[in-house]
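The values are calculated or read from the model by the stated rules, or taken from the named source; none is laboratory data. Remember, predicted model here, so these are calculated numbers, not experimental data. In this analysis, Cβ positions are derived from the backbone assuming ideal geometry, glycine residues included, and neighbour counts consider all displayed protein chains. Accessible surface is based on the protein model in full, side chains and every heavy atom, while ligands, DNA and RNA are left aside. Shrake-Rupley method; radii C 1.70, N 1.55, O 1.52, S 1.80 Å.
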Amino acid sequence: MQLLLSSNEVDDAFGSVAPAIHQSSLFTFPTYDALEERFSGKSEADIYSRTSNPTVRLLEDKLAKLERGDAAIAFGSGMAAISGAVLSLVKAGDRIVSTFNTYSDAYRLFEILMARLGVSVTYVDCNDIDELSNALVGARLLFLESPSSYVFETCDIKKATDVAKQHGVITIFDNSFASPLGQKPLLHGADIVVHSISKYLSGHSDVVAGCVVGSHDLINQIRDTALPLLGAKLSAMEAWLVIRGLRTLPMRLREHQEAADFVVGKLKDDSRIAKIHRAMPSSTLSGAGGLFTVELADGLDVRAFCDALKVFRLGVSWGGFESLALPASVAARIDSDRKSVV
Ligand SMILES: *Cc1c(COP(=O)(O)O)cnc(C)c1O
């Protein structure tokens, strides 16, 4: 694992341990024949960095191996990965089944853009297998996020994806909160894994990036639509920063988990805290990770709580070196009919 995260498989005439940053928009061909071979699909040389780039490919190979997929595509953000995958696989009239507490912009993608394109979305409790099975009749995609945003609830990946398979439905799984080291959904039946690389995988709050991982078939379908037509590529420089971040992923995750264990340990018996939401490790999920949500006891002022924080800064996102808090009262503007507890 450490070797995979730290290796530099790119041929390098100088023997450097860090990969080269191929900061080039285009790649040239020595002869007419070489150019023709590439365009007729007989060779795989890079043409233009909107569709492929050697530094980005090095990252994609690592991500595919980490998640145990055949192939991966890196994107300019986690949302580009999610919308790229979804838009590549649906058409007007299709229906998506989604878990309740998805990342808020994934929810907005479904409610705003998908609705406009004639794709409907049904929200279900993915641990209620009967409800899930009913919703999946005639659906095209199942969208799972586990642990989920805000409340870190988990679903039984194997059970949910088994039902999806029975209905011929493709499962897209947002694995950002667990990271590939915490859980590998492709091994438990998911068809496509998506990540916000901006979080744990890059790990230093200096990159916005995303990826999809899956079988050759599905990844080629997504690659042919999302990169040339939607253009949501990742830059070579940012791919390089992620490759650097990956080298310390196991150590960083251990620290995140220990730090969260420490803080949760201090809070859990405090009478001013009504409830703590944190992911529950299971047979597929190896750790609770570094995130948790607290509900303050009745009558306590969220604003005063936030303004009194010393180590934690107020801000969105997560997975970097800094401790962050985000009040749901400000950030989670989610429809009440979505049954969210936030
Ligand atoms: C942040 C996040 C995303 C979106 O990723 P970006 O890189 O910010 O576009 C998607 N899913 C989850 C679970 C996230 O936390």
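Observations on the model:
- Number of positions in region 65-85 that are crowded, with 19+ Cβ neighbours inside 10 Å and touching a helix residue (DSSP H, G or I) at 6+ places or on another chain (Cβ under 7 Å): 13
- Picking from residues in region 168-194 that are small (Gly, Ala, Ser) and surrounded by 21 or more Cβ atoms within 10 Å (Cβ to Cβ), the one that is farthest from the ligand (Cβ to nearest atom) is Ala190.
- Filtering region 59-80 to residues that are part of a loop (DSSP other than H, G, I, E, B) and in contact with a Lys or Arg (Cβ under 8 Å, 6 or more places away or on another chain) leaves Arg68, Gly76.
- Test: residue in region 12-32 that is assigned to a helix (DSSP H, G or I), at negative phi and at pLDDT 95 or above: yes
- Filter result for the condition that a residue is touching a Leu at 6+ places or on another chain (Cβ under 9 Å) and open to solvent by 50 Å² or more (accessible area, probe 1.4 Å), over Val294, Val242, Val302, Val311: Val302
- Filter result (β-branched (Val, Ile, Thr) and within 11 Å of the ligand (Cβ to nearest atom)) within region 100-113: Thr102
- When region 210-219 is limited to residues that are in a helix (DSSP H, G or I) and not acidic (Asp, Glu), the one that is farthest from Val194 (Cα to Cα) turns out to be His216.
- Selection count where residues are open to solvent by less than 40 Å² (accessible area, probe 1.4 Å) and either of a type in the set (D, E, K, R) or away from the ligand (no atom under 16 Å from the Cβ) (or both), scope region 276-286: 1
- Out of Ser40, Ser24, Ser6, Ser16, sole residue that is open to solvent by 40 Å² or more (accessible area, probe 1.4 Å), over 19 Å from Ile243 (Cβ atoms) and more than 16 Å from the ligand (Cβ to nearest atom): Ser40
- The residue that is nearest to the ligand (Cβ to nearest atom), among those in region 119-150 that are in a loop (DSSP other than H, G, I, E, B), open to solvent by less than 40 Å² (accessible area, probe 1.4 Å) and under 15 Å from Leu89 (Cβ atoms), is Val119.
- Just one of the numbered conditions (1) assigned to a loop (DSSP other than H, G, I, E, B); (2) in contact (Cβ under 8 Å) with a residue 60 or more places away in the chain; (3) farther than 19 Å from Gly214 by Cβ is not true of Thr102: (3).
- Identity of the residue in region 81-97, in a loop (DSSP other than H, G, I, E, B) and of a type outside the set (D, E, K, R), that ends up nearest to the ligand (Cβ to nearest atom): Val90
- Number of the exception - Thr161 against (1) surrounded by 20 or more Cβ atoms within 10 Å (Cβ to Cβ); (2) at negative phi; (3) out of contact with any Asp or Glu (no Cβ under 9 Å at 6 or more places or on another chain): (3)
- Residue match in region 220-234 (condition: assigned to a helix (DSSP H, G or I), among the small types (Gly, Ala, Ser) and either farther than 25 Å from Leu58 by Cα or more than 15 Å from the ligand (Cβ to nearest atom) (or both)): no
- Ser317 being open to solvent by 50 Å² or more (accessible area, probe 1.4 Å) and closer than 22 Å to Ser104 by Cα: yes
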